[in-house]
Amino acid sequence: MSGDARTLPLRDAPAVRGRVGRGGALLARAGAITRAERETWLGAVALGLIVVGSAFIVLAATNRPSVLAPTTHANYFPRWMAGPLGGLWPSLTRNSTTLKYLFSGALVAMYAGYVLALYYARQLRARWVIGAIVAVHALFLLSVPLALTDIFNYVNYGRMEVVHHLNPYTTIPILEPHGDPSYDLSNWHQLLSPYGPLFTLLTFAFVPLGVAASFWALKGLLALASLGTLYLIWRCAELLGRDPLAAIVLVGLNPVVLVWGLGGDHNDFLMLFFIVLALLLLLLSARARQDAARTAPRAAGAVHLPPAQGGREASVAREARSALGTAIRRRLAELDSREIGAGAALVTAAAIKASGAVVIPVVLASLIKAPRRLLGVALGMALAGVVAGCASLAAFGLHVPDLTTQSRLVTNLSIPNIVGLMVGAGGETSTLHVLFSAALGAALVACCLSAWRRGEAIAACGWASVALLATLSWALPWYVLWVLPLAALSASRRLRIASLVLGVYLIIAWAPASGQLWNAIGLHPEKTPLGRLHQRSVKELLN
C-alpha cells in the first residue's frame, strides 16, 4: 500500500488513449472539471446527510420522553436533562414503533452518507469536514442521553464513594441509599464498578457539582476528548504521509460512534485519546531519532586516553562502579521523553478502561528491535503504573474493577452468540466462551509477531482491536471506536474495509427496527433456553 493510502480505494482517472487534438484536449479538460465538481458536490451532500441525520435524531430524542431516551419516562423528563433543545418538535409522532423506524432510517442514511464522504474524501474541503465534525459534536453534546448510556452509572459510582463512603469495587449500588438522586437514573444496580480506577477517581471530582452539573460536565469532557483525539489523528496522519482529512472523516463522522458513542456518553473517548496520544509521541520520537541520525557527525574512531599513572593502584571494584555509572548515565541520556510519555499514556488508557490494554503488548513487540526506544516506553509504563497503582490503592484498597462479571454477560447478536446459534447450541456456551477467548489470545500473539517483524505497531494494533471486538460476548455498538483511529492511520486498506463492515454489522444488530427484521426471518436468540438464561443474567444485574 502506498504511503498516501486513502480511507477507501479511490477510482483511478481513466487514461486518455491515442493522440488528442487541441479541441479534444479542451473537451477532456472540461469533462475532468465537471467530474471533479460532481464529486465535490456528492461529498458535500454526504456531509449534509450526516449532519441532518444527527440533528433529526437529537431533536427527536430531546423532544419528549420516548424509547429513544431510556433514562426518561412519562413522569420524568427534567428540564436540566432535556437541555436547550428539549421540546422543540411538538408535532413529532408519539408512536414508539414509528420512532424506531425513523431512528433506524436516519441511521442508515447517515451511514450511507459516511461511506460516500469517505469515497470522495479527496474532493472535500477541509473547512467543510471540520465544520461537519464540530456541528455533530455540538448536537450530541446538547442531546439527552440516547440508548445504551452509562453516564449516570459513572455519576452514581462516584457518588457512592464520595457521598456515602461506599467503595464501588466492593459494594453494589443496590446497597447504597436509594434516595440518592443518581440511583434511579443509573441501571447497573447489582454490578460492582467495572470502570478503571483512574476514570473512577475522575468521577469523584465531579460529585460536588451535583447530579445535573456532573452530567453536563462529563458530557463536555467526553466531547472534548473526542475532538482532541481527532486533532491527534490529524497530526499522526501528517507524520505518516497519509491524508489527514480522510483520516478524521473515518473516525469523526462514523454514525455508529456518533449515535451510540457520543449520544450515549461513554468513557471510550478518553481511553482512545491516550492511545492516540501514545502513537503520536512514538511517531515524533521516531522522526527525531531519524533526523538526529542524519545530522550527527560520523565518529572518526574512539579516542582512548592513556591510563593515569596511579591507575594501577585503583581498585578493580572502583573501576567497575565507574564503568557501570557511566553506562547508566549514557543509557538515561539516550532516552527520549516522548517515548517515556508514550508508555505513560498507554498505561493511563488501560487504567481508564481495561480494553485499552490490548494494544500494549503489540506496541512493545514492535519496539523489540529498537531496545533504546523499548526501554523508554517501558520506563514510562512503569512510572505511570506506580502512580496509578498508588492512587488506586489509596482510594480503593487492593480491590480492582469487576471485569469478571461483565465478561460472562452475552448480547443477543454478539459474534460468539451468533456462532452458538449457528451450531445449534442456542447461543454462546461456556465451551464456546473458552474457545473464543483462546482465539483472542492466538490473534494477539499473531499481531505481536507481525508488529515485531515489521517494526510497526499501528496496523497490528488495529487487527488486535478487531479481534477483541469479534470475540467479545458483551459486544456493544460504540466499541467500533477502538478500531477506527488505528484503521485511519494504518496503510492497510483491509483494516479500513473491516472497520466499515463492522459498522454495518453493528447497525444491523442494534438499530431499533432490526427487531422487525428478526421477526420476519424467525431469528429469536433471546427465546432459546440458553438465550433466556443470558437475558436473566443481565436483568439480575439491572434490578
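The values are calculated or read from the model by the stated rules, or taken from the named source; none is laboratory data. Predicted model only: the values in this text are computed from it and were never measured. Here the Cβ is made from the backbone with ideal geometry for all residues, glycine too, and neighbour counts use every protein chain on show.
When region 87-137 is filtered for residues that are crowded, with 20+ Cβ neighbours inside 10 Å, outside any helix (DSSP H, G or I) and not aliphatic (A, V, I, L, M), only Tyr120 remains. Of all residue pairs spaced 6 or more apart or on separate chains, those with beta-carbon atoms under 9 Å, a first member in region 164-193 that is closer than 14 Å to Ala395 by Cα and a second member that is among the β-branched types (Val, Ile, Thr) and part of a helix (DSSP H, G or I) are Pro168/Thr200; Tyr169/Thr200; Ser193/Thr200. Among the residues here, Ser473 does not qualify as crowded, with 24+ Cβ neighbours inside 10 Å and not aliphatic (A, V, I, L, M). Pairing residues of region 330-345 that are modelled with pLDDT under 95 with residues that are assigned to a helix (DSSP H, G or I) and charged (D, E, K, R), at Cβ distances under 6 Å and at least 6 apart in sequence or on separate chains, gives Glu334/Arg372.
Taken together, the criteria exclude Ala212 from residues that are surrounded by fewer than 20 Cβ atoms within 10 Å (Cβ to Cβ) and either in contact with a Leu (Cβ under 7 Å, 6 or more places away or on another chain) or free of Cβ contacts under 8 Å to residues at least 40 places away in the same chain (or both). Among the residues making up region 138-165, a single one is outside any helix (DSSP H, G or I), surrounded by 24 or more Cβ atoms within 10 Å (Cβ to Cβ) and hydroxyl-bearing (Ser, Thr, Tyr): Ser143. For region 361-388, how many residues meet the condition of being surrounded by fewer than 21 Cβ atoms within 10 Å (Cβ to Cβ) and aliphatic (A, V, I, L, M)? Here the count works out to 12.
For region 503-537, how many residues meet the condition of being part of a helix (DSSP H, G or I), in contact (Cβ under 8 Å) with a residue 40 or more places away in the chain, hydrophobic (A, V, I, L, M, F, W, C) and surrounded by 16 or more Cβ atoms within 10 Å (Cβ to Cβ)? Qualifying residue count, region 503-537: 5. Residues in region 346-361 that are in contact (Cβ under 8 Å) with a residue 24 or more places away in the chain and among the small types (Gly, Ala, Ser): Ala349, Ala350, Ala351, Ala354, Ser355, Gly356. Of all residues in region 217-241, those being among the aromatic types (Phe, Trp, Tyr) and without any contact (Cβ under 8 Å) to a residue 12 or more places away in the chain number 1. You will find that of Ala438, Ala391, Ala442, the residue that is part of a helix (DSSP H, G or I), aliphatic (A, V, I, L, M), touching a helix residue (DSSP H, G or I) at 6+ places or on another chain (Cβ under 7 Å) and surrounded by fewer than 21 Cβ atoms within 10 Å (Cβ to Cβ) is Ala391 and no other.
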